[in-house]
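Bear in mind these aren't lab numbers, they're just calculated from the coordinates by the rules spelled out. Treat the numbers as computed from the prediction; the structure is a model and nothing was measured. Here the Cβ positions follow ideal geometry from the backbone for every residue, glycine too, while neighbour counts run over all protein chains shown.
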Amino acid sequence: MQNDAFLTGLTAFLPRLRRFAAGLARNPADADDLCQAALERALVSRQQWQEGTRLDSWMYRIMRNIWIDTARARTRRDKTFAEEEAGLTVGVMGNQEARVELTMVDRALQTLPDEQREAVLLVLVEGYKYAEAAAIIGCPIGTLTSRLLRGREALMIKLGAAA
Amino acid sequence: MSVSSEQLAAYADGEVDDVNAVRIRRAIAADPALAQQLAQLTAVRELLTARFDRVLAEPVPERLTAPIDAAAKIVSLRDVRAARQSAWQRPQFRFGAGAAIAATLVIAVLVGRPASTPSGYADGQLAAALDGVSSGQTAPDGTRLLLSFRTNNGSACRGFAGKAASGIACHDDQGWKLEATGAGGRQQTTQYRQAGSADAAIMAAAQDMATGPALDAAAEQAARMAGWIPAK
């Protein structure tokens, strides 16, 4: 049954979806909110998924689009309140546990512009080929590789002591 | 022979063809600075995977598995409802005199309702919606009626989703007793959340409480006409 394949596929994919969300969102609670929102949108629009195409890229595209929409709204809001501390505590205020769990890698990632962050995560963490990552984002490969390069160079500098 | 940082990164990512890979490998062997750059590229990837791969080992929270479980249940609920529908269409299940008797019963039930609502029971607009609005329809106050079903003791229950509250109410001789309620759709919505998850949760809870499939339109109509009294 197609439905079963879809739901079984989603279940199997959840750990990877959470990994991607952990990289995109600012703290663990936001990450699972993002996952849940993506999951719900996928369940509602499952008719749009074509059997035989990759469920993982389709899900990542959904999640990435939700994240971009939310990040735009958040950026507008944060600029008003928290400009001076950007990158350190934005998005984790009032959530001490999340703050404790932020690693050096998290902090370095959060200083990247969104488009560099998603490129870095899709290729270096999720292991997508450049062409696949570009398709998920919906940009040309050349755009993807230049964002990846810039993001990676920034990370090398931020994490330089450990690298 | 020079290798750009873009080419070196592509090499590290396995994105160059065999011919270029050989060329770049030779350049790296001949140039310690290039080898150092490659080591940095690899180190960044390793730091990232070390940070994020541990997420794969974490247990997936229930709030992420629940929507999928609920979706699976809704699918099966829809299947049994369809099966039930065809059963109702068989001639022996058609309504005749029964509906007329039910119509007289509904008056008795309306008269018999207590003037003040006991606590734990739906009151006012919600009670009116539960009484009279068909599943799939929206009451004037915005409450949507999701489905009707019966529990194993025959009680009629209804799932609803409103702005103020969502849940399941079962009818007894005091009115609509609220069995399972949650916050309304609006309160549950975080920055990422969409409306619709509450419905799925209610459908799943209904499936757990129900003894049979959801009532189809005809059975629901009959139950309403009978004042939502327990089935024999």
Restricting to lysines and to Cα separations under 23 Å from B:LYS163, and discarding same-chain partners fewer than 8 apart, the set is B:LYS177
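Under the definition of partner shielding as Cβ atoms of other protein chains within 10 Å of a residue Cβ, what is the mean value for peptide A:32-39?
Values: counts 5, 5, 4, 5, 10, 7, 3, 8.
The mean count of partner-chain Cβ atoms within 10 Å per residue comes to 6.
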Can you run phi through the Karplus equation (6.51, -1.76, 1.60; θ = phi - 60°) for the stretch B:27-35 and list ³J(HN,Hα) in whole Hz, with x for Gly and Pro? 4, 5, 4, 8, 9, x, 5, 5, 4
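If packing is taken as the average count of other Cβ atoms within 10 Å, what order do B:117-127, A:39-49 fall into, highest mean first?
Working: B:117-127: 14.9, A:39-49: 16.5.
So the order, starting with the most tightly packed, is A:39-49, B:117-127.
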Excluding B:VAL55 itself, calculate the net charge of residues whose Cβ lies under 11 Å from the Cβ of B:VAL55, where each Lys or Arg counts +1 and each Asp or Glu counts -1. +2
Contour excess over end-to-end distance, with Cα ends at A:ARG46 and A:ILE157 and 0.36 nm allotted per residue: 35.8 nm
Tell me which residues come under 5 Å, amide H to amide H, from B:THR181 once H is placed; ignore anything under 5 positions away on its chain. B:ILE168
If packing is taken as the average number of other Cβ atoms within 10 Å across a peptide's residues, how do B:141-149, A:20-28 rank, most packed first? A:20-28, B:141-149
Which aspartates and glutamates, if any, have their Cα less than 12 Å from the Cα of A:LYS158, not counting same-chain residues under 8 positions apart? A:ASP106
Please list 3J(HN,Hα) in residue order for the stretch B:40-47, calculated via the Karplus relation 6.51 cos²θ - 1.76 cosθ + 1.60 where θ = phi - 60°; whole Hz, with x for glycine and proline. 5, 4, 5, 5, 5, 4, 5, 4
